[in-house]
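K.L.:
I have a structure I would like to understand better, so I am pasting it below and will then ask my questions one at a time.
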């Protein structure tokens, strides 16, 4: 699925690397991993109804207009809490 390739997999790699490098607690890493793993289905639902939004979201991430964290918090409500807990480790510049 395109959403997984363009948004979810890069987000998962970025979050996983950054959280591990900065010594985030295992519970935080688990919460974020669970959130991101559930994101494809949630994003597919959103983008199936509004495909243009999916294209615009991907472009905004690629161009740096938004971050994976901001995108997932806005479009996958289940991710909001996990990403807020991870914010100190992900960094302010990433959301």
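K.L.:
Does segment 44-95 come out rounded, prolate or oblate by the C-alpha gyration tensor, with a ≥ b ≥ c the root eigenvalues, rounded set by a/c under 1.5 and, if not, prolate when a/b is larger than b/c and oblate if not?
P.N.:
oblate
K.L.:
Over the Cα atoms of segment 2-90, compute the convex hull volume and normalise it per residue, giving Å³. Write down the numbers at each step before the final one.
P.N.:
On the way: hull volume 7.0 nm³, N = 89.
It comes to 78 Å³ per residue, whole-number rounded.
K.L.:
Moving to a separate point now. Given the rule -39500 (n - 2.57) for each run of at least 4 DSSP H residues, summed and divided by the residues of the chain, what is its mean residue ellipticity at 222 nm, to the nearest 500 deg cm²/dmol?
P.N.:
Working: 5 runs with 68 residues, N = 95.
Helices in the chain give a 222 nm mean residue ellipticity of -23000 deg cm²/dmol.
No lab work stands behind these numbers, since they all come straight from the coordinates. Since the structure is predicted, the reported quantities are computational estimates derived from the model, not experimental observations.
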